[in-house]
1. Out of the strands (runs of 3 or more DSSP E) lying entirely within segment 1-94, which hold 1 or more residues that are among the charged types (D, E, K, R) and in contact (Cβ under 8 Å) with a residue 60 or more places away in the chain?
2. Only residues that are touching a Leu at 6+ places or on another chain (Cβ under 9 Å) and either of a type in the set (Lys, Arg) or under 20 Å from Ser32 (Cβ atoms) (or both): list them for segment 50-97, please.
3. Out of segment 1-55, which residues are at positive phi and among the acidic types (Asp, Glu)?
4. For segment 39-60, state whether one or more residues are touching a Gly at 6+ places or on another chain (Cβ under 7 Å) and either farther than 18 Å from Glu12 by Cα or surrounded by 13 or more Cβ atoms within 10 Å (Cβ to Cβ) (or both).
5. Mind listing whichever residues of segment 95-119 are touching a helix residue (DSSP H, G or I) at 6+ places or on another chain (Cβ under 8 Å) and either within 30 Å of Gly22 (Cβ to Cβ) or in a loop (DSSP other than H, G, I, E, B) (or both)?
Amino acid sequence: MHELSIAATILEDVLGFAERQGATRVVRVRLSIGEFTCVQADQLKFCYESVTTDTLLANSQLEIETLPAIVACHSCRYEGPPKYWMDPLVPTLQCPMCGESVEAVQGHECAIKSVQYAA
């Protein structure tokens, strides 16, 4: 479950930031998570709530924006959503137009976008 390690990293990064700012508590954390990361938002929120207990982030709101997967094919010049596999849909690195390998242009992101805190 890589959601737990992501939640722990978010805690560490936001806690360091909040302490440098002199925050008394963190109210909200906004994330951008790419579709290729295969991070499950519900599991990440559960892990976040677990690791933030008894910290400046306790009871803070975690908002997750999912960035869609976008690929570029060097063979046919396609750029757009990738070919998906199975159900639930899993993005692949295969061109939906010609079947060749593609390069991921967007969807691998995992970033803290903003932190709202009280001083």
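The values are calculated or read from the model by the stated rules, or taken from the named source; none is laboratory data. None of these values were measured; they are calculated from a predicted model. No Cβ is skipped: glycine too gets one built from the backbone with ideal geometry, and neighbour counts run over all protein chains shown.
1. Output list reads 25-34.
2. Listed by number, the residues that qualify are Val51, Thr52, Leu57, Leu62, Glu63, Ile64, Glu65, Val71, Pro82, Lys83.
3. Within segment 1-55, Asp54 is the sole residue that qualifies.
4. No - not one qualifying residue is present in segment 39-60.
5. Gly107, His108, Glu109, Cys110, Ile112, Val115, Tyr117, Ala119
Each row is one residue, and each column tells you yes or no for (1) among the charged types (D, E, K, R); (2) modelled with pLDDT of 95 or more; (3) exposed (fewer than 15 other Cβ atoms within 10 Å of the Cβ).
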site: Leu11; (1), (2), (3): no, yes, no
site: Gly22; (1), (2), (3): no, yes, yes
site: Leu62; (1), (2), (3): no, yes, no
site: Cys73; (1), (2), (3): no, yes, no
site: Pro88; (1), (2), (3): no, no, yes
